[in-house]
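For reference, the structure discussed in these notes is given below.
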Protein chains: 2
Amino acid sequence: MKNEIKIFSPATVANVACGFDVLGFCLDNKGDEMVIRKVSEKGIRITHIEGYDLPFETAKNVAGVSALAMYEHAKPDCGFEIEIYKKIKPGSGIGSSAASAVGSVFGMNELLGKPYNKTQLTYFAMKGEVLASKSEHADNLAPALFGGFTLVKSTLPLDILQIPTPKELYATLIHPQIQVKTADAREILPKEVPLKDAIAQWANVGSLIHALHTSDYSLIHRSLQDIIVEPYRKQLIPYFDDVKYAALEAGALGCAISGSGPSIFALSKGKEVAEKVERAMQSMYSKTDIEYNTFVSQINTQGIKIL
Amino acid sequence: MKNEIKIFSPATVANVACGFDVLGFCLDNKGDEMVIRKVSEKGIRITHIEGYDLPFETAKNVAGVSALAMYEHAKPDCGFEIEIYKKIKPGSGIGSSAASAVGSVFGMNELLGKPYNKTQLTYFAMKGEVLASKSEHADNLAPALFGGFTLVKSTLPLDILQIPTPKELYATLIHPQIQVKTADAREILPKEVPLKDAIAQWANVGSLIHALHTSDYSLIHRSLQDIIVEPYRKQLIPYFDDVKYAALEAGALGCAISGSGPSIFALSKGKEVAEKVERAMQSMYSKTDIEYNTFVSQINTQGIKIL
């Protein structure tokens with residue numbers, strides 16, 4: 001058995017417009033790289049961090065916390081070193097902490113001969129998410145681990161469903177370089193919502209799941225609506241309405257806040273449209289004084305993987 | 001072309017636990033029979049009513065109102081007579097008014113050479129539902145017309161999705177002989193709901209749609225939950241919790257209020273289990289002083305049909 005493994009831990013989009021707190025999908029060409037090494041000295045040590053300034057102290061690092069949760073459960077007769085090559089900017093809203101949290105436990109599990117399944121790994125990774133966002137949610141973890149579209153039906157007990165991914169679906173992401181804290185994005189939400197809005201939202205969740213099963217792109221378009229969360233959270237993202245309008249005008253099936261923002265995602269049928277949407281988003285945002293970056297990605301149906 | 005047609009207009013279950021106001025399914029062995037006759041004298045006349053005491057005046061009869069809506073739109077060079085053999089008790093909560101509303105327009109459409117599709121027929125039938133329940137909803141109309149499971153994604157514009165029906169799914173119905181008015185059942189509901197409950201509900205709608213697509217009976221079981229509406233409406237149905245407990249103990253996948261009640265439905269895998277659930281419901285209710293009746297039905301994947 002190998003003693004060292006290099007992995008690609010992908011970025012993810014949570015909520016997916018209508019599916020606040022339950023839906024997510026996995027991105028392909030954006031993700032962290034991590035090296036996990038089995039060593040004789042017991043314990044978890046983070047030995048290298050590149051890309052962004054993150055704590056080396058295991059208990060203060062998302063990847064460290066999830067690793068510790070698994071380590072304490074598995075009680076293996078060895079220790080692990082973790083190297084983090086961070087490519088996903090923390091706080092960008094595309095599952096940066098989730099990528100760290102799943103990366104360490106996925107790698108350790110491989111090196112231990114896969115004693116845990118992906119749902120069990122999600123439990124450990126949730127401990128890392130608590131450190132990052134103060135809440136035990138799995139809507140970024142599930143797509144990062146399972147790939148494709150996922151529906152987290154419940155977190156206690158964890159009930160993760162893998163939803164089919166239509167072949168021609170592409171995502172466009174724009175990341176305005178502003179800061180939105182997940183905790184703030186949660187606090188801005190109302191505790192109660194109008195029943196009639198909730199009904200419209202669950203109709204959209206149901207129809208999006210149906211659309212993904214039937215590769216019905218027109219129905220994906222009609223389902224990618226969020227009348228519950230977006231009206232509140234978009235206040236935290238300058239020019240959100242303009243970006244959304246530009247994306248839809250360029251042919252996107254839908255456009256909404258990625259996770260708790262500030263990144264904004266669009267879904268399109270085909271790479272060409274997705275790239276046109278990217279140019280439209282760039283064109284809109286270049287008129288503002290906010291820095292941004294963009295990328296296009298196929299939906300990653302595999303999820304986290306060994307490099 | 002025929003001048004007279006006899007049709008079977010089926011009973012339906014709306015809401016289906018988690019899908020308040022949007023989901024429904026069609027029953028097989030319970031429904032009204034109607035005869036629709038094309039005559040030279042213009043206008044819509046209800047010429048015969050059997051089974052229950054309903055108004056003959058076209059504008060006061062659900063079947064008459066939907067027929068008038070279509071008639072005024074089609075402006076045909078003829079009139080129609082409607083005979084109603086009512087088998088679904090009005091106010092029982094299994095789409096009695098919907099069966100009447102779709103029956104007349106379906107029959108007239110056939111006799112006119114099908115100028116309208118089923119979605120257009122639903123628009124006309126909604127006018128009948130307004131008379132019955134003061135609200136333009138389609139969650140009983142859609143399954144009655146299309147058969148199987150339906151999701152009414154929106155009513156304006158009408159967007160009706162046909163969801164696959166797992167082959168072994170059977171419904172058990174119990175109708176306690178008490179009265180629950182649809183309007184009262186609506187008034188008892190709160191105008192606002194906790195966001196966290198709404199999230200759980202749309203997770204269940206999404207997972208039920210996924211479960212119906214994948215014939216995953218265990219997931220159907222886990223998805224048939226209603227934490228939004230049931231806590232309020234069950235107060236209007238004596239012994240609801242006991243019937244539900246008995247049904248689940250007997251092996252039902254789920255049990256909830258049918259529409260706005262008072263009927264209660266259960267879904268089971270296989271006819272044998274559905275019949276066991278029926279006996280369990282009977283056994284529970286026979287201890288009370290409320291009269292009731294029960295039946296078991298396969299899911300009707302065809303919907304309304306010519307006899």
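Taking the stretch B:187-229 as the range and being more than 8 Å from chain A (Cβ to nearest Cβ), in contact with a helix residue (DSSP H, G or I) (Cβ under 8 Å, 6 or more places away or on another chain) and not hydroxyl-bearing (Ser, Thr, Tyr) as the test, the residues that pass are B:Ile188, B:Ala211, B:Leu212, B:Asp216, B:Ile220, B:Leu224, B:Gln225, B:Asp226, B:Ile227. Here A:Leu23 passes the criteria (1) more than 14 Å from chain B (Cβ to nearest Cβ); (2) under 26 Å from A:Ile228 (Cβ atoms) except the one numbered (1).
If you check B:Gly113, B:Gly93, which single one turns out to be in contact with a Gly (Cβ under 8 Å, 6 or more places away or on another chain) and on the phi > 0 side of the Ramachandran plot?
The conditions single out B:Gly93.
Condition check ((1) closer than 22 Å to A:Asn140 by Cβ; (2) small (Gly, Ala, Ser); (3) at pLDDT 95 or above; (4) under 19 Å from the mean Cα position of the chain (by Cα)) across all residues:
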site	(1), (2), (3), (4)
A:Tyr170	yes, no, yes, yes
A:Ala183	yes, yes, no, yes
A:Ser218	no, yes, yes, no
A:Val229	yes, no, yes, yes
A:Leu248	no, no, yes, no
A:Cys255	yes, no, yes, yes
A:Ala266	yes, yes, yes, yes
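Residues that are among the charged types (D, E, K, R) and either modelled with pLDDT under 95 or surrounded by 15 or more Cβ atoms within 10 Å (Cβ to Cβ) (or both) within the stretch A:46-68 comprise just one, A:Asp53. Do the conditions hold for B:Glu168, that is, is it away from chain A (no Cβ under 14 Å) and crowded, with 23+ Cβ neighbours inside 10 Å? The answer is no for B:Glu168.
Which members of the stretch A:236-280 meet the condition of being aliphatic (A, V, I, L, M) and touching a Pro at 6+ places or on another chain (Cβ under 6 Å)? Scanning the stretch A:236-280 gives a single hit, A:Ile237. Of everything in the stretch A:210-230 that is closer than 15 Å to A:Pro164 by Cβ and out of contact with any Leu (no Cβ under 7 Å at 6 or more places or on another chain), the residue that is surrounded by the most Cβ atoms within 10 Å (Cβ to Cβ) is A:Leu212.
Could you go through the stretch A:121-131 and let me know if any residue there is at positive phi and in contact (Cβ under 8 Å) with a residue 12 or more places away in the chain. There is no residue in the stretch A:121-131 that is at positive phi and in contact (Cβ under 8 Å) with a residue 12 or more places away in the chain.
Residues that are aliphatic (A, V, I, L, M) and without any contact (Cβ under 8 Å) to a residue 40 or more places away in the chain within the stretch B:229-252 comprise B:Ala246, B:Leu248, B:Ala250, listed in sequence order. Among the residues that make up the stretch B:82-97, is at least one of them modelled with pLDDT under 95, touching a strand residue (DSSP E or B) at 6+ places or on another chain (Cβ under 6 Å) and either outside the structural domain of B:Phe149 (by TED's automatic domain parsing) or surrounded by fewer than 24 Cβ atoms within 10 Å (Cβ to Cβ) (or both)? Yes, the stretch B:82-97 contains a residue that is modelled with pLDDT under 95, touching a strand residue (DSSP E or B) at 6+ places or on another chain (Cβ under 6 Å) and either outside the structural domain of B:Phe149 (by TED's automatic domain parsing) or surrounded by fewer than 24 Cβ atoms within 10 Å (Cβ to Cβ) (or both).
If you go through the stretch B:217-244 and pick out every residue that is of a type in the set (Lys, Arg) and under 15 Å from B:Val205 (Cβ atoms), you end up with 1. Take the conditions farther than 22 Å from B:Gly147 by Cβ and acidic (Asp, Glu) and apply them to B:Glu136. Does it pass? It is false that B:Glu136 is farther than 22 Å from B:Gly147 by Cβ and acidic (Asp, Glu). Looking at the stretch A:99-153, which of its residues are under 24 Å from A:Thr165 (Cα atoms), at pLDDT below 95 and surrounded by fewer than 24 Cβ atoms within 10 Å (Cβ to Cβ)? Passing the criteria: only A:His137. Applying the set (1) out of contact with any Phe, Trp or Tyr (no Cβ under 7 Å at 6 or more places or on another chain); (2) closer than 16 Å to A:Leu173 by Cα; (3) buried (at least 17 other Cβ atoms within 10 Å of the Cβ); (4) of a type outside the set (S, T, N, Q) to A:Leu253 leaves exactly one unmet item: (1).
Within the stretch B:22-45, is even one residue within 23 Å of B:Ser135 (Cα to Cα), modelled with pLDDT of 95 or more and among the hydroxyl-bearing types (Ser, Thr, Tyr)? No, the conditions are met nowhere in the stretch B:22-45. Restricting to the stretch B:260-307, name every residue that is of a type in the set (Ser, Thr, Tyr) and in a strand (DSSP E or B). Matches in the stretch B:260-307: B:Ser268, B:Tyr292, B:Thr294, B:Ser297. For the stretch A:231-246, filtered to residues that are crowded, with 19+ Cβ neighbours inside 10 Å and under 21 Å from the mean Cα position of the chain (by Cα), the residue that is nearest to the other protein chains (Cβ to nearest Cβ) is A:Arg233. Residues that are in a helix (DSSP H, G or I), surrounded by fewer than 21 Cβ atoms within 10 Å (Cβ to Cβ) and away from chain B (no Cβ under 11 Å): does the stretch A:173-182 have at least one? There is at least one residue in the stretch A:173-182 that is in a helix (DSSP H, G or I), surrounded by fewer than 21 Cβ atoms within 10 Å (Cβ to Cβ) and away from chain B (no Cβ under 11 Å). Does B:Lys6 meet the test of being on the phi < 0 side of the Ramachandran plot, surrounded by fewer than 23 Cβ atoms within 10 Å (Cβ to Cβ), more than 14 Å from every other protein chain (Cβ to nearest Cβ) and touching a Cys at 6+ places or on another chain (Cβ under 8 Å)? For B:Lys6, the condition - on the phi < 0 side of the Ramachandran plot, surrounded by fewer than 23 Cβ atoms within 10 Å (Cβ to Cβ), more than 14 Å from every other protein chain (Cβ to nearest Cβ) and touching a Cys at 6+ places or on another chain (Cβ under 8 Å) - is not met. Cβ separations smaller than 8 Å between residues 6+ apart or across chains give the following pairs from the stretch A:273-294 residues that are assigned by TED's automatic domain parsing to the domain that holds A:Ala246 and of a type in the set (Ser, Thr, Tyr) to residues that are surrounded by fewer than 18 Cβ atoms within 10 Å (Cβ to Cβ) and assigned to a helix (DSSP H, G or I): A:Tyr292/A:Gln282; A:Thr294/A:Gln282. What helices (runs of 4 or more DSSP H), lying completely within the stretch B:20-134, carry at least 1 residues that are of a type in the set (Asp, Glu) and touching a Leu at 6+ places or on another chain (Cβ under 8 Å)? The qualifying helices (runs of 4 or more DSSP H) are B:118-133.
The values are calculated or read from the model by the stated rules, or taken from the named source; none is laboratory data. Values in this document were obtained by computation on a predicted structure and should not be read as measured data. A quick note on method: Cβ atoms are made from the backbone with ideal geometry, for glycine too, and the neighbour counts reach across all protein chains shown.
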